[in-house]
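What follows is a single structure, written as C-alpha cells, with notes after it.
Nothing in this text is a laboratory measurement; each read-out follows from the coordinates by a stated rule. Fair warning: this is a prediction, and the values are worked out from it, not measured in the lab.
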Amino acid sequence: MFFKSLWKALVWAILIMIVSAIPGQVMEPYAIWNADKIVHVGIYFILTVLIMNGLKKQTYFPSLAKRALLISVVFSICYGGIIEALQENCFINRSGNWPDFTANSIGAIVAVFVFPYIKKLGLRIKN
C-alpha cells in the first residue's frame, strides 16, 4: 500500500502543523539567525528524509520512487511556505517570516545531499 511507506512522513507533517499552530510569542522580525532557525533546519531535514525514504520504499508508483529526491524537497519547501503563510495570516499569536522559510528550505535541501550518505552508511529508517 502506498501510504504504508509514507506514514512516518505524514505523522511528522501533522506534528509540524500542530506545533506551528500553537499560540506563542511573536518573534522579533530582526532576529535573523538563532537557535530557532537551527530547529527549523532540523525539522524540515527530518521531513524531507522521511518523504524520500517513503517514496523510495513504496512500489505502487515506480515513477515517484525514481523522482523521490525532487518530489520530497519540493514538497517540503512548499509545505514550509504554507506553514509560514498560515502563521502570518491565520494562527493566533504566530508570525510567519522569510528567515524561517529560508531555514525550512535549507533543511530540505541539505537532506537531499545527506540522504544518499545515510543510505550508503546503511542507516535504515524502518517503516
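Find the relative contact order for the chain and round it to a whole percent, using C-alpha pairs within less than 8 Å whose residues are 6+ positions apart. Mind showing how you got there, number by number?
Working: 151 pairs, mean separation 46.4, N = 127.
Normalised by residue count, the contact order of the chain is 37 percent.
Listed options for Rg and Dmax of the Cα atoms in Å are [x] 13.5, 42; [y] 15.2, 46; [z] 54.1, 185. The value calculated from this structure is the one marked [y]. Of the DSSP H helices in the chain, those with a Cα length along their own long axis of 30 Å or more and a mean Kyte-Doolittle hydropathy reaching 0.0 comprise 35-57, 68-89, 98-120.
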